[in-house]
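J.: The structure follows.
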Amino acid sequence: MIDHRTLRVALLGAGSVGSQVARLLLEHADELEGRAGARLELVGIAVRNVDAQRDVELPRELFTTDAHELIVGSDIVIELMGGIEPARTHILDALQSGADVITGNKALLATHGAEIFDAADQVGASVSYEAAVAAAIPILRPLKDSLAGDFVTRIFGIVNGTTNYILDRMDTEGADFAEVLADAQMLGYAEADPTADVEGYDAAQKAAILASLAFHTNVPLEAVHCEGISSIGADAIENAKKAGYVIKLLATCERLPAENGEDAAISVRVYPALIKRDHPLASVHGGNNAVYVEAAAAGPLMFYGAGAGGVQTASAILGDVVSAARRHIAGGVGVGESARGTQPIADIGRITTRYQITLDVTDEQGVLATVATILNEGGVSIATLEQTAVETNDGESRARLVIGTHRAREQALSATTERLAESGVVERVVTVLRVEGE
């Protein structure tokens, strides 16, 4: 029998993911030893409350409230506390002590990633974070390693299971947003305060991480354009269906070419978008995630699977742990992040796509001509138009226009929409949805 070296593993946090990581480390110690080439000894679990009730029964003697003491002397530190502090301080302490770090903390990486990666480079340690974007789906390592020699042009996908669950049920069942959100909270898909999910903040953090890896540049979180799904109602879902689309909250990262006197740049954005019903992303149901990657040589690639869940996310964490253990056995410095450039991040106004604009207008002669003139003067041409009567409580005659456009620049579309809202014939701009995947 091979006498393997023992590596000390510290775990910070024992929530739904941390508890499953601890369980798997203990239950599958022999198999993991064979794969890693080292015995992975879980030496402790740092938590705020040792006596808190947990999903998994774990040896009480492993728990401690002294994270710093646990970190010192460990070879691998797994951070699953979440939030910015004290997670940031603990990770920096771990790196300073020479330990490799495994984390799933998307908020921390999106805001302090550059600082953490620099700290790792200074001591020759590594930071792995496969679980930070799409839980069980292996997407970060393919971007970092498998596609490192290719030229990624675009990434777009569903990276938030809560919003996909909500929009999917609204689409397939005709359910109301508030009703489905309540069900999502009851089932554990959504937090008691769902703001981070439904307003797109969670997806924006993940988009910053994806873009930074794919385009080898620093993408600060504040540079990500972010819109949520709270304004999407049953009418928007139905209008999308009629036009052959489904609405998904998408994170999109793409390279914009140099044109019209503007330098090449990167666009990173999150918003509810229209996807053709025959596109692979349209068939992603429930709380699942999927990421679509377009690369110059490899072509289109799609990564699909569980985007949340304790044991599913633990799978990605343990994959990183095994990789870190192999590095320890082989020796040498950790593999750092690819060279981080400073490519410009484009404002949302620079993107070009097609749109579906829904307007409530006064139902009188000349309204369509006025709307068409404003769109034409703004450089936005009409591809399709549907008009229906709208029932009102005030007895006034109203109509709803659903306008599909040809490709237009966001800046032009935004200015034109403002003119429509101020035109006197438009009562309300109901929704403006972009088309992706074409």
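The values are calculated or read from the model by the stated rules, or taken from the named source; none is laboratory data. Computed from a predicted structure; not experimentally measured. Reconstructed Cβ throughout: ideal geometry from the backbone, glycine too, with neighbour counts over all protein chains shown. Surface areas here come from the heavy atoms of the whole protein model, side chains and all, with no ligands, DNA or RNA. Shrake-Rupley method; radii C 1.70, N 1.55, O 1.52, S 1.80 Å.
J.: Which value does Rg/Rh take for region 66-108 over its C-alpha atoms, Rh per Kirkwood?
T.: Details: Rg = 9.3 Å, Rh = 10.1 Å.
Expressed as Rg/Rh, it is 0.92.
J.: Hey, another quick one. Each residue of region 87-97 in order: what ³J(HN,Hα) in whole Hz does its phi give by Karplus 6.51 cos²θ - 1.76 cosθ + 1.60, θ = phi - 60°, with x for Gly and Pro?
T.: Couplings: 4, 4, 4, 5, 5, 5, 4, 4, 5, 4, 7 Hz.
J.: Just to be sure I understand: of the beta bridges DSSP finds with both ends in the chain, what percent are antiparallel, rounded to 5? Don't skip to the answer; put the middle values down first.
T.: Numbers: 56 of 82 bridges.
Approximately 70 percent, going by the DSSP bridge assignments.
J.: Could you tally up the Lys pairs in the chain with alpha carbons closer than 24 Å? Skip any pair fewer than 8 positions apart unless they're on separate chains.
T.: Within the chain, the lysine pair count is 9.
J.: Once phi is turned into θ = phi - 60°, what whole-Hz ³J(HN,Hα) does the Karplus curve with 6.51, -1.76 and 1.60 give for every residue of region 363-379, x standing for Gly and Pro?
T.: 8, 8, 5, x, 5, 4, 5, 5, 4, 5, 5, 5, 5, 4, 5, x, x
J.: To continue, here is another question. Return the loop-located GluC sites (Glu not before Pro) in region 1-66 (DSSP other than H, G, I, E, B) with at most 15 other Cβ atoms within 10 Å of their own Cβ; answer none if there are none.
T.: The qualifying sites are Glu57.
J.: Could you grab the relative contact order for the chain? Cα pairs under 8 Å, six or more apart, rounded to a whole percent.
T.: For the chain, the relative contact order is 16 percent.
J.: Something else about it: Between Ile329 and Gln365, what is the label-to-label distance in nm when each label sits 7 Å out along the Cα-to-Cβ direction?
T.: The answer from the label model is 8.5 nm.
J.: Another question, then. Roughly speaking, what is the stretch gain from Ala52 to Asp263, that is 0.36 nm per residue apart minus the C-alpha to C-alpha distance, in nm to one decimal?
T.: Fully extending the segment from Ala52 to Asp263 adds 70.5 nm.
J.: Non-local amide H neighbours of Asn160 (under 5 Å, H modeled in plane, Pro and chain starts lacking H): which ones?
T.: HN-HN under 5 Å from Asn160: empty list.
J.: Considering the alpha-carbon set of the chain alone, what are its Rg and its Dmax in angstrom?
T.: 24.5, 89
J.: How big is Rg to Rh over region 250-369, alpha-carbon atoms, Rh as the Kirkwood inverse-mean-distance radius?
T.: 1.11
J.: OK, next. Amide H neighbours of Val430 under 5 Å, at least 5 residues apart or on other chains, H built in the peptide plane: list them.
T.: Thr358, Leu359, Asp360
J.: Looking at region 120-171, which chymotrypsin sites (Phe, Trp or Tyr not before Pro) are DSSP coil and have at most 13 other C-beta atoms within 10 Å of their C-beta?
T.: Passing sites in region 120-171 are Phe151.
J.: Keeping every protein chain in place, order Met186, Met170, Met81 by accessible area at 1.4 Å, biggest value first, i.e. largest first.
T.: Of Met186, Met170, Met81, the descending order of accessible area is Met186, Met81, Met170.
J.: At 1.4 Å probe size, with every protein chain present, just tell me what the per residue accessible area of region 145-218 comes to in Å².
T.: Per residue, region 145-218 has an accessible area of 37 Å².
J.: Can I ask one more? Over the chain, what percent of the accessible surface lies on carbon and sulfur atoms, probe 1.4 Å?
T.: Working: 9090 of 18920 Å².
After summing per-atom areas, the C and S share lands at 48 percent.
J.: Could you tell me how far the Cα centroid of region 224-250 sits from the Cα centroid of region 363-438, in Å?
T.: For region 363-438 versus region 224-250, the Cα centre distance is 17 Å.
J.: In addition: So who's got an amide H within less than 5 Å of the one on Thr217, skipping anything under 5 residues away but keeping other chains? H placed 1.01 Å off N, in plane.
T.: It is Gly341, by chain and number.
J.: Taking 0.36 nm per residue of separation and subtracting the Cα-Cα distance, what length does fully extending Arg350 through Ala412 add?
T.: Once the chain is fully extended between Arg350 and Ala412, it gains 21.4 nm.
J.: Given the C-alpha centroids of region 39-71 and region 260-276, what is the distance between them in whole angstrom?
T.: So the two Cα centres are separated by 44 Å.
J.: Using 0.36 nm times the number of residues separating Asp118 and Lys242, minus their current alpha carbon distance, what extension gain do you get?
T.: Difference between extended and current length: 39.6 nm.
J.: Within region 343-400, report the GluC sites (Glu not before Pro) that DSSP leaves as loop and that have at most 14 other Cβ atoms within 10 Å.
T.: Numbers: sites: Glu364, Glu377, Glu386, Glu391, Glu396; in loops: Glu364, Glu391, Glu396.
Within region 343-400, the qualifying GluC sites (Glu not before Pro) (loop, at most 14 other Cβ atoms within 10 Å) are Glu364, Glu391, Glu396.
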